1. Return the residue satisfying two criteria in turn: it lies in segment 43-75 and is of a type in the set (A, V, I, L, M) and more than 22 Å from L95 (Cβ to Cβ), and of such residues it is surrounded by the most Cβ atoms within 10 Å (Cβ to Cβ).
2. Go through segment 64-111 and report how many residues are under 17 Å from the mean Cα position of the chain (by Cα) and of a type in the set (D, E).
3. Pull out all pairs, ordered by first then second residue, where Cβ-Cβ is under 7 Å, the residues are six or more apart or on different chains, the first lies in segment 1-29 and is closer than 16 Å to I88 by Cα, and the second is among the hydrophobic types (A, V, I, L, M, F, W, C) and not in a helix (DSSP H, G or I).
4. Output the residue which, of all residues in segment 121-173 that are of a type in the set (S, T, Y) and not in a helix (DSSP H, G or I), is nearest to the chain's Cα centre (by Cα).
5. Just checking, which of I208, I182, I159 is under 24 Å from Y30 (Cβ atoms), among the β-branched types (V, I, T) and in contact (Cβ under 8 Å) with a residue 40 or more places away in the chain?
6. Among (1) surrounded by 14 or more Cβ atoms within 10 Å (Cβ to Cβ); (2) more than 23 Å from L106 (Cα to Cα); (3) in contact (Cβ under 8 Å) with a residue 60 or more places away in the chain, there is one condition T40 misses while meeting the rest; what is its number?
7. Could you list, in sequence order, the residues of segment 71-90 that are out of contact with any Phe, Trp or Tyr (no Cβ under 6 Å at 6 or more places or on another chain) and closer than 19 Å to F210 by Cα?
Amino acid sequence: MLILLKEIVNFFIKNLLPISLLTLSIEIPYILIQNFKYFTELPQVISFGLSIILFVASFIIYPLATGAQSFLYYQIINGSELDIIKCIIGSKKYLINLVIGSFVYLVLTLLGLIAFIIPGIIIGVRLSFYCFLIIFEDYPPLDALKESYRITTGSTWQIANPSIILGIPIVAASILIQELLIEMDLYNIFFGTIIDSAFAILSWLNLILFFRFYCIYKNEGKLN
């Protein structure tokens, strides 16, 4: 597991610039509006309107960003010229299917977490390959989720354990830094935007992990 984690972190560090640029090019408007709403005293009607816009936008931005990042990783491992615009265009091509897949994935994972934490983790891991199957294998969203569940049979904790190890420090650091800035009276729209941007970038470590396993399964001929 340590070797795998080292590979994931090294891949992330080596390609930090394109990963960061792609993340910010898609997510920075959302982050800015979110922090503007949080740190600014707005009339209730405007605040409510922004909340609705942000809620709806989240169901589009995350699938778009996930697809674009997947295209970027594919360019990297194939030694292709890195092109952020092509990554975004490629993701837009599959956006409807990515949005549907992402919504179903989120609902099923949340239901699992509500029922009990462990089922939520298992569902979240077993279905996490849907995005790669949609954009690289041209699966419809529901079929992608089913295929993701199938190919991860017997590998749940092999994937989940490193995912948890990568995720916990990121979440913990985010909370601690935010609390520290609040204590120092420095938590404002500027630092809030920087923190949210930084952790949006760091959050892709788990997608890189899933992409690594997807490549392994593809090379082993596990995909239908």
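Laboratory data are not the source of any read-out in this text; all were calculated from the coordinates shown. Predicted, not measured: the structure shown is a model, and the values here were computed from it. No Cβ is skipped: glycine too gets one built from the backbone with ideal geometry, and neighbour counts run over all protein chains shown.
1. Restricting to residues being of a type in the set (A, V, I, L, M) and more than 22 Å from L95 (Cβ to Cβ), the top hit is L50.
2. 0
3. The qualifying pairs are P18/L82.
4. In this case the residue turns out to be S128.
5. So the residue among I208, I182, I159 that is under 24 Å from Y30 (Cβ atoms), among the β-branched types (V, I, T) and in contact (Cβ under 8 Å) with a residue 40 or more places away in the chain is I208.
6. All conditions are met except number (1).
7. Within segment 71-90, F71, L72, Y74, Q75, I76, I77, N78 meet the criteria.
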